[in-house]
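Enquirer: I'd like to ask some things about the structure below.
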Amino acid sequence: MSGRGKGVGGGVAVKDPSAPHGVRLLIEDYPYASDGLEIWDAIKSWVEEYVSFYYKSDEELQKDPELQAWWKELVEVGHGDLKDKPWWQKMQTREELVEASAMDCFSSSCCC
């Protein structure tokens, strides 16, 4: 789940490695969230494959000036009022890019 705000769970789920998709819903009968987790899992899997194909190591990601400039602008300009919050990823690992990108794909597609 993303470091931005409440993440995929949005307050209705918590990380649980033993649960399907690594997330356990806090509300038992919530079909919208259950379906959303299926979509989240598919999006995250695709993003992981893409990021792994494009960046072979965390070091490559760290040395990508366009990615680092994009992330800096997103945090400091796009969310200037929130730029000092501790939950922002540092964008130093492929996993951080996966989490941020998957959250953006998910948020701009099915969860709105």
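The values are calculated or read from the model by the stated rules, or taken from the named source; none is laboratory data. Everything quoted here is computed from the prediction, not taken from an experiment. Using ideal geometry, Cβ is built from the backbone for each residue, glycine included, and neighbour counts are taken over all protein chains shown.
Enquirer: Mind listing just one residue for me: the one in region 1-14 that is surrounded by fewer than 17 Cβ atoms within 10 Å (Cβ to Cβ) and over 13 Å from the mean Cα position of the chain (by Cα) and, of those, modelled with the lowest pLDDT?
Expert: Result: G11.
Enquirer: I'd like the residue in region 37-84 that is in contact (Cβ under 8 Å) with a residue 40 or more places away in the chain and either touching a strand residue (DSSP E or B) at 6+ places or on another chain (Cβ under 6 Å) or among the charged types (D, E, K, R) (or both) and, out of all such residues, is farthest from D104 (Cα to Cα).
Expert: Here the answer is E48.
Enquirer: Looking at region 33-61 only, could you name the residues that are of a type in the set (A, V, I, L, M), within 13 Å of the chain's Cα centre (by Cα) and within 14 Å of E96 (Cα to Cα)?
Expert: The answer is V47, V51.
Enquirer: Now a separate question. Here are D104, D64: which of them is surrounded by 13 or more Cβ atoms within 10 Å (Cβ to Cβ), among the charged types (D, E, K, R) and at pLDDT 95 or above?
Expert: One residue alone meets the criteria, D64.
Enquirer: A follow-up question, please. Please name all residue pairs, on different chains or six or more residues apart, with Cβ atoms under 7 Å, provided the first residue is in region 93-112 and is touching a residue at least 24 places away in the same chain (Cβ under 8 Å) and part of a helix (DSSP H, G or I) and the second residue is polar (S, T, N, Q) and buried (at least 20 other Cβ atoms within 10 Å of the Cβ).
Expert: What qualifies is E99/S2; A100/S2; M103/S2.
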